[in-house]
């Protein structure tokens, strides 16, 4: 940890020092204990990027409680499912989102409203207690510090129903090894100045922000990503380290050349990305622009980071996502359940030997569905070259990664089936030059209008899950067991709608 009195963190509004942050954490921890949160219980956050997100997360870990970060773009029904499954003991919601809290959770547990730093100080449209006022009413926590169990991040599988990834307690040796891995991945030093442009409810920006808050000289958490504002931030704050998703590269590169040249980015030392594959031409253009500071890793919520790749390695092995990190084991498995030869594609299974294992909260049997011995799969197909570098090839499962966000077609299909007139549907991912992939829904039924269906879906699921295109078809072929052949549907769509395939 660096100097608590001069190192700073900001998420909109004025910066605070690490000493001030830690003082807030101690008071929040005491407040959580006062409302009955005990080690192993959950604290849920429905918050945009803000300092309170960091404070509450650190405070929950301070007393040994899990944090459940919930995407604040979710609709009430989606939020209600996650709350019902995670059963938090306390809930923190943004002031502006308080009225959208599911009715079944109003008054069920202590709920606190968090005011955004630049929000107009109007009379709030709710009766919830103010988080900051509540926090500051407590003396610092007097109980011994507990080992932080981390966050329960919800991810979906082939069923489309989100599952909470809950880790088992880490041993002291695992804690030390995980800290060493974070140091290697994030490359932060006491003089690092870090920018976090991604949403804190996603695992990667969340972990980077928490690590940087305890390590770096200065941390800037952007309320939201804006390409030019991001470049201006790098110049103004002399940012050295950033964490991004590939979609952010695309949007940065789409700025006019004069705009990109207008900002001094020479302070950058490390720009690590994750959240889906990055097109080779996009990555090469970023290295040409920013220099050899671009790095990436491959991994997921269940597995943790499995590979790491810097610019020099990528330029020598274009398209790779790196070699296994220290302590990681990878196996590429064919349809017969056996390891494939180097260079041949197969399903990727892996595990970090020093990473704590996990269960799917509420359904530990689901763990076996992604397992091969003690290795797990994220549903990706890839291969390793002769030097051990990993390349992503395709996905075994139906998950679509659009703009760095995982979207699960089964969930979208479930919402479609609930709409009047829909007889059958299939949701697929197709190539997209900006987002990597985009959702397309093939729908059959009676008196259907794509625009109406899209508007109805927006009332049921988050906007980013709504298919960019809905195509009305006469029927969808299913096999004798009633299953759709998604791969065949996707191939047929691309063949018949060639104009949707990005130009080479």
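What follows is calculated from the coordinates using simple rules that are stated; it is not laboratory data. Values in this document were obtained by computation on a predicted structure and should not be read as measured data. Counting neighbours? That spans all protein chains shown, and the Cβs are built from the backbone with ideal geometry, glycine included.
Of the peptides 380-386, 399-405, the order by per-residue mean of other Cβ atoms within 10 Å, starting with the highest, comes out as 399-405, 380-386.
Taking every DSSP beta bridge that has both ends in the chain, the antiparallel portion is near 60%. May I ask for the distance between the Cα centers of region 1-56 and region 211-256, given as a whole number of Å? Region 1-56 and region 211-256 have Cα centres spaced 22 Å from each other.
In the chain, the DSSP-assigned H stretches of four residues or longer account for a calculated mean residue ellipticity at 222 nm of -8000 deg cm²/dmol, using -39500 (n - 2.57) per stretch and the full residue count as denominator.
Residues 367, 135, arranged from fewest to most other Cβ atoms within 10 angstrom of their Cβ, appear as 367, 135. Here the peptides 20-33, 40-53, 352-365 are ranked by packing, the mean other Cβ count within 10 Å, and the order with the highest first is 40-53, 20-33, 352-365.
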